[in-house]
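Notes follow the structure.
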Amino acid sequence: EFLIAKNTLAKPVVAEAEKKGALPKATAFQVRTGRGVTAEVEGRQVAEGTPKLMAELGIMMDQEVFKLLHGEEARGRTTVLVAAGQEVIGAFFLADTPRIEARYLVSQLRKIGIRKVVMLTGDNARTAEAIAIELGLDEFYAEMLPEDKVNVIKKLRQGGKVVAMVGDGINDAPALASADVGIAMGAAGTDVALETADLVLMGDRLDKLPYAITLSRATLGNIKQNVAFAIIVVVALLFGVLGQTVVLASGMLVHEASVILVILNAMRLLAYRPPERAVAQGLQR
């Protein structure tokens, strides 16, 4: 039940089943990462997941099921099949609509210098293509298993490119670990994703991503300023001591003053704020 509750596709299915009181006890529960789950329910072997999972288990689908699948996938819906024994007995068709601020997020990422925005998804190609076009993405990769996402990350990193991966699910954890920077969405993220990521955004607001990037850049710039300033002061004091132009008292005064300046410069980051007005305007478009 814990694993089901953490799966994005499973949440609406479980919620609807709870409403109807249709949650029989399952044993021998097994997660097939990126494909679905298998379990024993009331003495019958049950599988729920993608058409790939059904093929792996040797479960045949008749022409009527195939026709239904192609029709729903053409509408951009994700298919979840249910099988008992060696027979498909049902199917769920889920529509994953982009959040209202998603397109604006992509434009904001471009404005702050992100050169390429790529989507990695386990959804079918037609669904992925529709979402990629709607959001204005550069590339998309569909029907991705966890290991497939890792391979794409490695491919994108070729040539010295820096790649950041944003994810929230169990299937995203290997890719998060493979990227130069792994970013997990804290509110919706699984424990595995949160533990693997280098950075966790506490919440599910997408506008936090460009803010985190710009804040990180500002922090790095601040660190470089402080290091450069400290080195200049120390070198100047060193030459002053060697040239006997700086006495102990004045040297200590200059050094302590430089420390205070470094601290004050670092404290400027406390006043750093995201462009809330720009985000609000973008969400209204």
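Quick check on my filter: what residues within the range 188-246 are charged (D, E, K, R), in contact with a Gly (Cβ under 9 Å, 6 or more places away or on another chain) and at pLDDT below 85?
The answer is Asp204, Asp207.
Can you tell me which residues in the range 103-128 are closer than 30 Å to Val37 by Cα, surrounded by 15 or more Cβ atoms within 10 Å (Cβ to Cβ) and either hydrophobic (A, V, I, L, M, F, W, C) or touching a Phe, Trp or Tyr at 6+ places or on another chain (Cβ under 9 Å) (or both)?
Just the residues of the range 103-128 that are closer than 30 Å to Val37 by Cα, to begin with: 118-128.
Remaining after also requiring surrounded by 15 or more Cβ atoms within 10 Å (Cβ to Cβ): 118-124, 126-128.
Selection gives Val118, Met119, Leu120, Thr121, Ala128.
Looking at the range 171-194, is at least one residue surrounded by fewer than 17 Cβ atoms within 10 Å (Cβ to Cβ), touching a residue at least 12 places away in the same chain (Cβ under 8 Å) and closer than 16 Å to Val106 by Cβ?
Looking through the range 171-194, none of the residues is surrounded by fewer than 17 Cβ atoms within 10 Å (Cβ to Cβ), touching a residue at least 12 places away in the same chain (Cβ under 8 Å) and closer than 16 Å to Val106 by Cβ.
Do any helices (runs of 4 or more DSSP H) entirely within the range 1-100 hold 3 or more residues that are at pLDDT below 85 and surrounded by 12 or more Cβ atoms within 10 Å (Cβ to Cβ), and if so, which? Don't jump to the end; show me each part of the working.
Details: elements: 2-5, 10-19, 51-56, 63-74.
So the answer is 10-19, 63-74.
Does Leu145 satisfy the condition of being within 16 Å of the chain's Cα centre (by Cα), at pLDDT 85 or above and surrounded by fewer than 18 Cβ atoms within 10 Å (Cβ to Cβ)? It would help to see each step written out before you state the result.
Working: within 16 Å of the chain's Cα centre (by Cα): yes; at pLDDT 85 or above: yes; surrounded by fewer than 18 Cβ atoms within 10 Å (Cβ to Cβ): yes.
The answer is yes for Leu145.
So which of Glu134, Glu129 is assigned to a helix (DSSP H, G or I), assigned by TED's automatic domain parsing to the domain that holds Val200 and in contact with a helix residue (DSSP H, G or I) (Cβ under 8 Å, 6 or more places away or on another chain)? Working first, answer last.
Numbers: Glu129 fails: in contact with a helix residue (DSSP H, G or I) (Cβ under 8 Å, 6 or more places away or on another chain).
Selected residue: Glu134, the only one of Glu134, Glu129 that is assigned to a helix (DSSP H, G or I), assigned by TED's automatic domain parsing to the domain that holds Val200 and in contact with a helix residue (DSSP H, G or I) (Cβ under 8 Å, 6 or more places away or on another chain).
Do you know which of the residues in the range 131-142 that are hydrophobic (A, V, I, L, M, F, W, C) and surrounded by 16 or more Cβ atoms within 10 Å (Cβ to Cβ) is farthest from Thr214 (Cα to Cα)? Outline the logic, then answer.
Kept after step one, since they are hydrophobic (A, V, I, L, M, F, W, C), are these residues of the range 131-142: 131-133, 135, 137, 140, 142.
If we keep only those that are surrounded by 16 or more Cβ atoms within 10 Å (Cβ to Cβ) too, we end up with 131-132, 135, 137, 140, 142.
On the way: Ile131: 26, Ala132: 25, Leu135: 22, Leu137: 21, Phe140: 25, Ala142: 29 Å.
So, considering only residues that are hydrophobic (A, V, I, L, M, F, W, C) and surrounded by 16 or more Cβ atoms within 10 Å (Cβ to Cβ), the one farthest from Thr214 (Cα to Cα) is Ala142.
Take residues that are touching a helix residue (DSSP H, G or I) at 6+ places or on another chain (Cβ under 8 Å) and charged (D, E, K, R) and tell me which of the helices (runs of 4 or more DSSP H) falling wholly in the range 142-249 contain 2 or more.
Values: elements: 146-156, 173-178, 191-196, 208-242.
Counting at least 2 such residues, we get 146-156.
Which condition does Tyr211 not pass, out of (1) in contact (Cβ under 8 Å) with a residue 60 or more places away in the chain; (2) surrounded by fewer than 16 Cβ atoms within 10 Å (Cβ to Cβ), if it passes all the others?
(2)
The values are calculated or read from the model by the stated rules, or taken from the named source; none is laboratory data. Computed from a predicted model, the values in this text were never measured in an experiment. Every residue, glycine as well, gets a Cβ built from its backbone with ideal geometry; the counts of neighbours run over all protein chains shown.
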